[in-house]
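Everything on this sheet refers to the single structure shown next.
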Amino acid sequence: MSGIDCFRNIGQLVQADASTQPGIRLRKNCALLVQDGRVHKILKDSEIKSSKGYTKVIDCEGRAVVPGFVDCHTHLIYAGERKDEMVERMSGVPYLEILEKGGGILNTVRATRRATENELFDAARKRMKRMMALGTTAFEIKSGYGLNLNCEMKMLTVGKKLRASLKVPVTLTYLGAHAVPEGEDREAYLEEIIEHLPRFRTLADGIDIFCEKDVFTVADLRRLFLQAKLLGFNLRAHVEEFSHQGGCFEAAKLGALSCDHLEHAAPRDIQAMHAAGTTAVLMPGVTLFLGGEKHPLSHSMLDAGVTLALATDCNPGSCPTYNMQTVLTLAASMYRLTPEQALAAGTYGSAKALDAEKDYGGLLPKQRADFNLLKTNDYRDMFYYFGENFVDATYIAGKKFRAPKDPATQ
Ligand SMILES: [Zn+2]
């Protein structure tokens, strides 16, 4: 057992704790003790009489400490950018129309297939470091820009290497069913994914599918999930994003850990999520970036007892942001969530979407000591002075993360 580091003089310490309402516990003037990378204890600051007994004492100068953000839905391994497509969309061409013309996801697929494993690794590692500098301390990463066996495996191998290299929790998801590859038949491609599933078992913790009009159907989701379940994959689904297809209800019925997007989810879907204990992953950055108007029924979800999670959806087409602070403030203003509700969703809720809420996300005793020391003494400033980066330092397992020198470089 190693020594204890003492972070003292914390003006506000925020913990995310589902046993409280609205999921946030606020402690004032306290000290956080960290041992072996985990939260050891939280004391009143007045109880710290001297530095004796501690390996290190860090003065937090009365500022606020919040749990590290958990980004539970990203597509951050990719090659190429889609700025031209952004301009096209801003000129009025709808997202799904661009996809139909062979753009959108398929554009990124072509670039990702061309990229070497090292190129993908270097680009994704830079992105993750920028995200960590902005306060994210745990990630979920999906494949889905390969759409063939080799490239999907290449993406997930990169994911495993990122986890080892950056020493942060990374949950990997196989998303072969992200889109139908150019020139291929949907049913034949789905058949191929199902056939290859066992080969992904050691590479990915979960399976995902984009269930949407002109992409994959509810019946496809059911077929894939039944097979994936037999092999022990966690189930996640992109559902009810641009239209209501019924994928959310079906995914929840099959025991999905999370249903993601949900702009068009109906009350019946919400009941199904509640009955199954499925977490609702909301991504307001996508709505903002695509200029959408439809918002998920977030308050019906909360009232029904469904856990809300927040994520960036970080991807080159529909939401190229790295910043969970932005996502939290968007959720607060677009969905009318209180800062407490938004913060609980982006920490505890997102960890629950990854089945990891016991290990991290709450800054509770015995959990990983992943947290952010803010530049302010009131965490609500993140929501009030929106658009500014309020993270002064990110701590991963109690150790200060060295932010990249030039975070503006891609
Ligand atoms: Zn996504």
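Read the figures in this text as sums done on the coordinates, not as results from a lab. In this text, all values refer to a predicted model and were calculated from it rather than measured experimentally. Cβ: placed from backbone, ideal geometry, glycine included. Neighbour counts: every protein chain shown.
Only helices enter this figure: runs of n ≥ 4 DSSP H residues, each worth -39500 (n - 2.57), summed and divided by the residues of the chain, yield -10000 deg cm²/dmol at 222 nm to the nearest 500.
Considering only Cα-Cα distances, which of the following residue pairs are longer than 23 Å: K253/K352; K142/K405; K142/K399? Show your work: numbers first, answer last.
Numbers: K253/K352 18 Å; K142/K405 27 Å; K142/K399 27 Å.
Checking Cα-Cα distances, K142/K405; K142/K399 exceed 23 Å.
For the stretch 191-225, the set of trypsin sites (Lys or Arg not before Pro) satisfying both a DSSP loop assignment and a count of at most 12 other C-beta atoms within 10 Å is given as K213. One quarter of the surface of the convex hull around the alpha-carbon atoms of the stretch 264-364 equals 6.4 nm², the direction-averaged projected area. With a Förster radius of 25 Å applied to the beta-carbon distance between E97 and E192, the computed FRET efficiency rounds to 0.40. Computed over the alpha carbons of the stretch 330-374, Rg followed by Dmax gives 11.5, 34 Å.
Rounded to two decimal places and with Rh computed the Kirkwood way over Cα pairs, what is Rg over Rh for the stretch 69-353? My calculation of the ratio gives 0.93. Assuming charge only on the beta carbon of Lys and Arg (+1) and of Asp and Glu (-1), the dipole of the chain about its Cα centre is about 1900 debye to the nearest 20.
Which one, L374, L175, L231, has the greatest fluctuation when you compute a Gaussian network model over the chain with C-alpha springs under 10 angstrom? For the chain, modelled as a Gaussian network with Cα springs under 10 Å, the answer is L231. For the chain, leaving out every one of the GluC sites (Glu not before Pro) that falls in a DSSP loop and has at most 10 other Cβ atoms within 10 Å, the longest unbroken run is 1-181.
For a paramagnetic label modelled at 7 Å from the Cα of D122 toward its Cβ, which residues of the stretch 147-165 fall within the zone defined by backbone nitrogen distances under 20 Å? Zone members listed by number: 154-165. Ordering F289, G232, H274 by the projection of their Cα atoms onto the charge dipole of the stretch 69-353, which places +1 on the Cβ of Lys and Arg and -1 on the Cβ of Asp and Glu, puts G232 at the extreme positive end.
Straight-line reach from K213: which lysines have Cα under 19 Å away, leaving out those fewer than 8 places along the same chain? Straight-distance partners of K213: K101, K294.
Our coupling estimate for the stretch 266-273, obtained by passing each phi through the Karplus curve with A = 6.51, B = -1.76, C = 1.60 and θ = phi - 60°, is 9, x, 4, 5, 5, 4, 5, 5 Hz, Gly and Pro reported as x. Our analysis of the stretch 181-234 gives Rg over Rh at 0.96, with the two radii drawn from alpha carbon positions and Rh computed by the Kirkwood formula.
Sequentially through the stretch 11-28, phi angles give Karplus couplings (6.51, -1.76, 1.60; θ = phi - 60°) of x, 10, 10, 9, 10, 9, 9, 5, 7, 10, 10, x, x, 10, 10, 10, 10, 10 Hz, Gly and Pro residues having no value and appearing as x. Largest GNM mean-square fluctuation among A111, A393, A133, using the chain with Cα springs under 10 Å: A111. The stretch 63-132 and the stretch 351-410 have Cα centres lying 22 Å from one another.
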